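Reading through the structure tokens given below for one structure.
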Amino acid sequence: MVLNIIIAILLGLGIAVGVWQYSLLNGKIITVGTVTDLPMSRGSKGGATYGIVASFQDDRHLPHTYTSGWKSSNPGCKVGDTINLYYDRENPDNCGLSSFNARYGFAFGCIWIGLLIVVTRVVWMVAMNQFDRIYHP
């Protein structure tokens, strides 16, 4: 019973976050930006964490800047790399990362773990059924 609740929460959360991220990107323009800076700061344990600052042009060729609202010990890119960004045509400063991991990574992980538990339960139930038929005829 508890496992069913965990499965339902994982699958429901994954689907809800995936739909939310899809609606966030719906109607936005996807473009390519260039990483211009990786501002460093110190994390809560004293280690270096990095944000991402990237420049991009909108469809009218006006320059804009994306600044990440989060920091990571490994930002996954370096200065000069190109990254996919999304922006709102009406307000290009309303922008963000549009990579799969940034948008759907959490949702994909929740759904994957939920399905993995489902498959494990099914395999376990089939194996126990076979065991009972062989050893308890």
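For segment 29-97, what mean projected area does the convex hull of the alpha carbons give, in nm²?
Details: hull surface 17.4 nm².
Value for segment 29-97: 4.4 nm².
Between TRP124 and ALA8, what length in nm is gained on full extension when 0.36 nm per residue of separation is reduced by their alpha carbon distance? Walk me through the intermediate numbers first.
Numbers: separation 116, 0.36 × 116 = 41.76 nm, distance 1.87 nm.
Full extension from TRP124 to ALA8 adds 39.9 nm.
For segment 7-131, build the convex hull from the C-alpha positions and give me its volume per residue in Å³.
Values: hull volume 18.4 nm³, N = 125.
So the per-residue hull volume is 148 Å³.
What FRET efficiency do you get for GLU90 and TRP112 if R0 is 41 Å and r is their Cβ-Cβ distance, rounded to the nearest 0.05? Walk me through the numbers before you get to the answer.
Numbers: r = 35 Å, r/R0 = 0.86.
With R0 = 41 Å, the Cβ-Cβ based efficiency is 0.70.
Please work out the Cα center distance from segment 1-46 to segment 95-137, rounded to the nearest Å.
20 Å
Return one number: the angle in degrees, 0 to 90 and rounded to the nearest 10, between the long axis of the Cα atoms of helix 100-135 and the longest principal axis of the Cα atoms of the chain.
10 degrees
For a label point 7 angstrom out from the Cα of SER44 toward its Cβ, which stretches of segment 61-85 have the backbone nitrogen within less than 17 Å?
Correct set: 70-74.
Each reported figure results from applying straightforward, stated rules to the coordinates on display, with no laboratory input. What you see is a predicted model; the values in this text were computed from it and never measured. So basically every Cβ, Gly included, is an ideal-geometry build from the backbone, and we count neighbours across all protein chains shown.
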